[in-house]
1. For segment 291-304, what are the residues that are surrounded by 14 or more Cβ atoms within 10 Å (Cβ to Cβ) and farther than 25 Å from MET232 by Cβ?
2. Cβ-Cβ below 6 Å, separation at least six or inter-chain, first residue in segment 307-323 and within 17 Å of GLN281 (Cα to Cα), second assigned to a helix (DSSP H, G or I): which pairs?
3. Collect the residues in segment 256-290 that are over 17 Å from GLN316 (Cβ atoms), surrounded by fewer than 20 Cβ atoms within 10 Å (Cβ to Cβ), among the aliphatic types (A, V, I, L, M) and touching a residue at least 12 places away in the same chain (Cβ under 8 Å), keeping them in residue-number order.
4. Among (1) more than 24 Å from VAL140 (Cα to Cα); (2) in contact with a Leu (Cβ under 9 Å, 6 or more places away or on another chain); (3) surrounded by fewer than 23 Cβ atoms within 10 Å (Cβ to Cβ); (4) not hydroxyl-bearing (Ser, Thr, Tyr), where does LEU67 come up short?
5. Check every one of the helices (runs of 4 or more DSSP H) wholly within segment 65-127 and list those with 2 or more residues that are closer than 18 Å to GLU171 by Cα and at pLDDT below 90.
6. Mind checking which residues of segment 280-305 are farther than 21 Å from ALA62 by Cα and of a type outside the set (A, V, I, L, M, F, W, C)?
7. Could you please give the count of residues in segment 1-30 that are surrounded by fewer than 19 Cβ atoms within 10 Å (Cβ to Cβ), free of Cβ contacts under 8 Å to residues at least 40 places away in the same chain and part of a helix (DSSP H, G or I)?
8. Does at least one position in segment 305-318 carry a residue that is in contact with a helix residue (DSSP H, G or I) (Cβ under 7 Å, 6 or more places away or on another chain) and in a loop (DSSP other than H, G, I, E, B)?
Amino acid sequence: MTSRDLVKWTFQRRSVPRPPWLPLVGTYLTRVEGGTTAEVLTDPGRLHQALHGTQQLLRADAIVFPLDPTLEAEALGAKIGWETGLPVVEQRLKDFPEASMVPERWMEQGRVQVILEAAHRTCQIEGRHLPVFASVTGPVTVFSQVLGSVGEVGDDARKVQAHQEMMARLEMLVRALVQLVKAYAEAGVAGIVVNEVGSVPNAQAAPGDSDLTKLYRPLWNAIKFHNMWAVMRWHVANAKPPAGADAVTGTDPPARSIAGLEIGTSFWADPEANMPTLHAQVRQRGQKGVFLTTVEPLNQEDVLLSGLLNGIDCLQTEARWLG
């Protein structure tokens, strides 16, 4: 079975010989092509070649664009730095500049066009035989990246006002992200990974479960309108993932969703010993509608290539998933 069919059948909840392998990539992005992460993430040609080389190295069943929680924040006006090797927000804003929230304008800022061009090239070439997933930072994380945390809000009346103000800003972000989703659809991607990390800013004013479900609805609708798969990567400490995605990644995804089971760094130290536990997790979900990913993007500093390749051999040996 081809990788394309393996992923397609998984998202259709059909039986497959093994769970597809969809790793998140960190500094392994530069393993084959060389150069720095900054050089790769600011040049569409180099990013395309790096994605191709990394997919070949890791034998991934799809190409997943790097998770970059600073991408949208930079385009909205936050200042980023590369001193750590990866982009980090160094200077936040006091509020969102209204003019830059006009969709056509904000996507012209920062590195958004670099990523869109790389997505177009990747879909034109590798997309002919592999699914390509773009990454979009979720509105809660963009809010935190651009504005930081919200301070204490005082009395009950102020809490209500702060909640309303936060929701208005989050809804504005969703409208902007919908435009980004449409641009990825035009590039030809097969799916969108929405990445939420950290925590909801200020529990006093934070959106509740019903707020999040309502907030995300336009985003899921846009993804599905363009016949793409919607994947929620939810690493938020103080809230549950909003309903509506096709798939959710995590250690315990909701029972009704397609599950992205996350493999931790310790797995690669002894894949043979860790396979039975992973196999049991897949069997618990009926061995349908399950794919394998990583808890965090794979970094060369954290995972040795020898252990990684040995583990991938284990993951992709179909006989290990029988029974």
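1. GLN300
2. GLY311/TRP268; GLY311/PRO271; CYS314/PRO271; CYS314/MET275
3. Scanning segment 256-290 gives a single hit, ALA269.
4. (1)
5. Details: elements: 71-75, 103-106, 112-125.
Per the criteria, 103-106.
6. First, pick out the residues of segment 280-305 that are farther than 21 Å from ALA62 by Cα: 280-281, 283-286, 301-302, 304.
Across segment 280-305, the qualifying residues are GLN281, ARG283, GLN284, ARG285, GLY286, GLU301, ASP302.
7. Going through segment 1-30 one residue at a time, the tally reaches 2.
8. As a first pass, look at segment 305-318 and keep what is in contact with a helix residue (DSSP H, G or I) (Cβ under 7 Å, 6 or more places away or on another chain): 307-308, 310-312, 314.
Add one more test, that the residue is in a loop (DSSP other than H, G, I, E, B), and what stays is none.
Within segment 305-318, none of the residues are in contact with a helix residue (DSSP H, G or I) (Cβ under 7 Å, 6 or more places away or on another chain) and in a loop (DSSP other than H, G, I, E, B).
The values are calculated or read from the model by the stated rules, or taken from the named source; none is laboratory data. Quick caveat: nothing in here was measured; it's all calculated off a predicted structure. Cβ atoms come from the backbone with ideal geometry, glycine included; neighbour counts cover every protein chain shown.
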